[in-house]
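Undergrad: To start, I am sharing the structure in question, which I have written as structure tokens.
The values are calculated or read from the model by the stated rules, or taken from the named source; none is laboratory data. In this text, all values refer to a predicted model and were calculated from it rather than measured experimentally. Counting neighbours? That spans all protein chains shown, and the Cβs are built from the backbone with ideal geometry, glycine included. Heavy atoms of the whole protein, side chains included, go into the accessibility calculation; ligands, DNA and RNA do not. Shrake-Rupley method; radii C 1.70, N 1.55, O 1.52, S 1.80 Å.
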Amino acid sequence: MRLTLLLICLFTPLAVAAQEEDPMDVQRCVWRCLADSSGPASAEYNQCVVSLCSGEPAAPRHSVAAPAWRAGLASDGVHRFAGADAEQGYGFYYFCTPQASFFALTALPMAAGQYRFVIGDVAYLVPLDRSRGDLSVNIPPGDAFMQGVQEGSWLRVEALNGASLVQFSLSGAGESINSAVQGCFGR
């Protein structure tokens, strides 16, 4: 009996450790996507990483049902923001100061590059960079894309090959963005 208890105590940590995912599995997946694509800036690489290496079940796209948009002063005490977080941790935000105005996609595992943002039946080619950490693009108030976000009901982000990557609800975006713009620019 004591021997059985001793063996159970010795082998239980090994069984638990064997069930845990190897942290290198994600890196191997990213390397596999890179090897099977034309490079890290390619749409097929980005789609592969998003759909296969994110740690979520493989799917052709991530559908993000964003809760209601909100606006306010960002935690840095300088930027005003309007946006919404999603359950998966992704977010779509507008940020501004009197000197700058930009949109950001937060926590998305996509590379910087050109993407298609589709609102209704209008598509906008948007060059995203990582100069602020998350994917972002400078947008002046009154820009056609910004007006589309404020007036639309859904935003779908696509790779240039047409693969849908993520969707965001724009319900309440117009009022929230107007509040941020008013706080930054007084308009």
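Undergrad: Taking θ = phi - 60°, what integer Hz values does the Karplus form 6.51 cos²θ - 1.76 cosθ + 1.60 yield along the range 68-76, in sequence order, with x for Gly and Pro?
TA: 3, 6, 9, 9, x, 8, 5, 5, 6
Undergrad: In nm, give the distance between the simple-model label positions of residue 154 and residue 129, each being 7 Å from the Cα along the Cα-to-Cβ direction.
TA: So the two model labels end up 3.2 nm from each other.
Undergrad: I would also like to ask the following. Amide H to amide H under 5 Å from residue 165: which residues, 5+ apart in sequence or cross-chain, H placed 1.01 Å off N in plane?
TA: Close amide H contacts, sequence-distant or interchain: 157, 158, 159.
Undergrad: Could you do me a favour and compute the accessible area per residue for the range 102-187, 1.4 Å probe, result in Å²?
TA: For the range 102-187, the solvent-accessible area averages 44 Å² per residue.
Undergrad: Follow-up. Name the residues whose placed amide hydrogens come within less than 5 Å of the amide hydrogen of residue 92, ignoring near sequence neighbours (fewer than 5 apart) on the same chain.
TA: 84, 106
Undergrad: Report the extension gain between residue 164 and residue 88 in nm, rounded to one decimal, defined as 0.36 nm multiplied by the number of residues separating them, less their alpha carbon distance. Show your work: numbers first, answer last.
TA: Numbers: separation 76, 0.36 × 76 = 27.36 nm, distance 1.66 nm.
This chain segment gains 25.7 nm when fully extended.
Undergrad: If you stretched the chain out fully between residue 97 and residue 138, how much longer would it get, using 0.36 nm times the residue separation minus the C-alpha to C-alpha distance? If you can, show how the numbers build up before the last one.
TA: On the way: separation 41, 0.36 × 41 = 14.76 nm, distance 1.18 nm.
Value of the extension gain: 13.6 nm.
Undergrad: Also: When Lys and Arg each count +1 and Asp and Glu each count -1, what net charge do the other residues less than 15 Å away from residue 138, Cβ to Cβ, add up to?
TA: On the way: positive: 130, 132; negative: 129, 134, 143.
My count for the surroundings of residue 138 gives -1.
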